[in-house]
Amino acid sequence: MTPARKRLVLTLIAALLAAHLVAIAGRIDHWPLSNYDMFAARKSSTVSCLVLMGVTGRGEEFRLQDPRFWKPYSPAKLGHCLRDARRLDQRRARQSRGERPPTSNLPAVVQSLLDHYEARRRDGLHAGPQLAGLRLYDCQWRLDPSLSNLQRPDRRELVCEYAANR
């Protein structure tokens with residue numbers, strides 16, 4: 001290897017190490033130059049997420065977690081979208097400061113999800129029951145390694161409800 005090539009390789013290695021040190025010192029979390037905060041902090045003993053429940057004509061609720069209900073979307077992506085819509089609503093409510101309350105995005109999002117579910121059901125793309133409405137809950141669980149409380153959250157708060165017009 002020529003001396004110029006060696007200097008180039010050593011310069012690149014030094015630049016990469018310097019970038020890592022800057023990322024660590026500045027607590028910048030951009031892979032591959034991150035300090036890996038995900039594994040460095042103590043985690044909470046609870047977990048929470050938004051849960052979408054279908055409501056049948058008899059008022060019975062069931063969790064809408066089958067991916068066939070939501071294709072081409074995944075249930076995980078749907079959860080992210082619902083959480084983002086809720087955050088946007090909360091931010092707009094905080095910014096209104098007692099003025100006329102802003103309109104919420106969540107009812108429109110939940111309505112479109114019900115329309116999507118029913119269209120796929122009518123087309124025979126899933127075997128779910130006909131729904132009279134949807135309810136969106138903010139659920140919180142105490143972490144249990146055996147997952148014995150998976151179907152029973154410790155806290156369940158209704159965030160949004162949409163009833164279909166029949």
* Residue check, LEU143 surrounded by fewer than 16 Cβ atoms within 10 Å (Cβ to Cβ), more than 16 Å from VAL55 (Cβ to Cβ) and touching a residue at least 60 places away in the same chain (Cβ under 8 Å) -> yes
* Asked: For segment 100-131, how many residues are more than 19 Å from the chain's Cα centre (by Cα), small (Gly, Ala, Ser) and either surrounded by 17 or more Cβ atoms within 10 Å (Cβ to Cβ) or under 18 Å from PRO72 (Cβ atoms) (or both)?
  -> 3
* Out of ILE28, ILE13, report the one residue that is more than 16 Å from the chain's Cα centre (by Cα), farther than 30 Å from VAL109 by Cα and at pLDDT 85 or above. => ILE13
* Please tell me if GLY54 is touching a Gly at 6+ places or on another chain (Cβ under 8 Å) and either under 17 Å from ALA164 (Cα atoms) or modelled with pLDDT of 90 or more (or both). => yes
* To do: Go through segment 48-59 and give me each residue that's assigned to a strand (DSSP E or B) and among the hydroxyl-bearing types (Ser, Thr, Tyr).
  => SER48
* Asked: Restricting segment 79-131 to residues that are basic (Lys, Arg) and either farther than 19 Å from PHE69 by Cβ or not assigned by TED's automatic domain parsing to the domain that holds ARG63 (or both), which is modelled with the lowest pLDDT?
  -> ARG100
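The values are calculated or read from the model by the stated rules, or taken from the named source; none is laboratory data. Not measured: the values here are computed from a predicted model. Virtual Cβ from ideal backbone geometry, glycine too; neighbours counted across all protein chains shown.
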